[in-house]
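Down below is the structure, laid out as structure tokens.
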Amino acid sequence: MSLVRFIALTLAAFIAYAVLYIIGVEIFADQYSSITEHMVPEDQIAMASLSYHLVQTIIFVWLFDKAVGSSNLKDGAVFGAMIGLYLMASDSIWFISIKGFPQDAQMVQALMNVVIGALVGVLLAKLYGVRRGEDSADEA
């Protein structure tokens, strides 16, 4: 994959992750409100948080190219869900160690990681075939 293509896919995935997580937080606002006392105010960590999310997205796109490397929507969804499960497990290691951390918020975050990962995997599969002229609907 060319550097330009890699950057374009990374930016698309980064934006998709941001939009989907914002929507998820809005949908599950009650569960997320229960964790605010355990969190640093967003304005204090916004740049660092965005930087870490960018690193995660770079890795996601790089691994997608190596593991899927096609416009197959099913493979993209499975790949994204597996990465989501990995993120869920990584998050949960920290969540269970925080005294009083609300379990309903942990479960919502776990679900969002898997579902959003699958959706971003599908998006990458769809975009992966655009330049190559592949029809991802035929491969799904």
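Bear in mind these aren't lab numbers, they're just calculated from the coordinates by the rules spelled out. Computed from a prediction, not measured in an experiment: that's the story for all the values here. No Cβ is skipped: glycine too gets one built from the backbone with ideal geometry, and neighbour counts run over all protein chains shown.
Taking a point 7 Å from the Cα of L111 along the Cα-to-Cβ direction, the residues of the stretch 74-98 with backbone N closer than 16 Å to it are 85, 88. When the Cα gyration tensor is reduced to axis lengths a ≥ b ≥ c, the ratio a/c is 1.5 or higher for the stretch 41-121, and with a/b not above b/c it is classed as oblate. Is the stretch 21-76 rounded, prolate or oblate when judged by the Cα gyration tensor, a ≥ b ≥ c being the square roots of its eigenvalues, rounded requiring a/c under 1.5 and prolate requiring a/b larger than b/c? Here the stretch 21-76 falls in the oblate category.
A Cβ-based charge dipole, computed about the Cα centre of the chain with Lys and Arg at +1 and Asp and Glu at -1, lands at about 440 debye. Residues of the stretch 100-124 falling in the label zone of H38, defined by backbone nitrogen less than 18 Å from a point 7 Å along Cα to beta-carbon, are 100-114.
Computed per residue of the chain from DSSP H runs no shorter than four, each worth -39500 (n - 2.57), the mean residue ellipticity at 222 nm is -27500 deg cm²/dmol. In summary, the lysines within cross-link reach of K126, defined as a Cα separation below 29 angstrom excluding same-chain residues under 8 places away, comprise K66, K74.
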